[in-house]
Amino acid sequence: MSKADERNDITVQQYIDTLDDESLVSDAQVLMTIMQRISGQDPILYGIGTIGFGVYKYEYASGRKGEAHTLAFYPRKGKITVYLMDGTARYAEQLNKLGKHTTTGYCIYFKRLSDVELPVLEQIIEQSYEHITSLSRDKPIDHILWQT
């Protein structure tokens with residue numbers, strides 16, 4: 001997600017208010033609180049409904065460069081996605097303790113927060129944030145983190 005993908009037509013709260021499931025709204029509020037506390041950043045709405053926190057820069061050998069959210073989630077009916085821009089593989093041990101979820105290279109999917117162990121999810125999110133910010137502190141990240 002680049003800054004160009006940032007939405008300016010509605011606020012994060014206005015987007016959350018459009019969600020038609022009370023438990024999804026509640027879960028989104030909890031995730032926003034967790035990610036805001038960990039990142040110290042205000043939420044930014046990207047694209048259709050991704051809520052991101054913090055920004056890191058990347059610049060690959062190919063010449064491609066830009067910015068991406070350090071932490072993010074996408075609340076939608078029937079599935080919440082938590083994005084781990086440094087990939088899910090590095091958190092395999094913790095993911096085994098998370099509860100009912102599925103993963104892809106850089107996403108954790110679950111239906112509702114009550115399906116997962118919230119302290120485990122918080123720990124994963126915090127470690128991901130710390131990892132990405134430590135790598136991008138002095139220079140842009142030079143490779144796709146979740147593919148390594």
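The values are calculated or read from the model by the stated rules, or taken from the named source; none is laboratory data. Keep in mind that what you see is a predicted model, and the values were worked out from it rather than measured. For neighbour counting, all protein chains shown are included, and Cβ atoms are generated from backbone atoms with ideal geometry for every residue, glycine included.
Quick notes
- Exactly one residue out of 77, 139 is of a type in the set (Lys, Arg) and either within 14 Å of the chain's Cα centre (by Cα) or closer than 24 Å to residue 27 by Cβ (or both): that is 77.
- Count of residues meeting criterion [within 19 Å of the chain's Cα centre (by Cα), hydrophobic (A, V, I, L, M, F, W, C) and either surrounded by fewer than 17 Cβ atoms within 10 Å (Cβ to Cβ) or assigned to a loop (DSSP other than H, G, I, E, B) (or both)] in the range 10-28: 2
- Restricting the first member to the range 84-106 and to residues that are more than 17 Å from residue 130 (Cβ to Cβ) and at pLDDT below 95, and the second to residues that are of a type in the set (S, T, N, Q) and in a helix (DSSP H, G or I), the beta-carbon pairs closer than 9 Å and six or more apart or on different chains are 105/147.
- Within the range 61-118, tally of residues that are part of a strand (DSSP E or B) and either in contact with a strand residue (DSSP E or B) (Cβ under 8 Å, 6 or more places away or on another chain) or surrounded by fewer than 13 Cβ atoms within 10 Å (Cβ to Cβ) (or both): 25
- For the range 82-100, a residue qualifies if it is under 27 Å from residue 22 (Cα atoms) and under 15 Å from the mean Cα position of the chain (by Cα), and the qualifying residues are 82, 83, 84.
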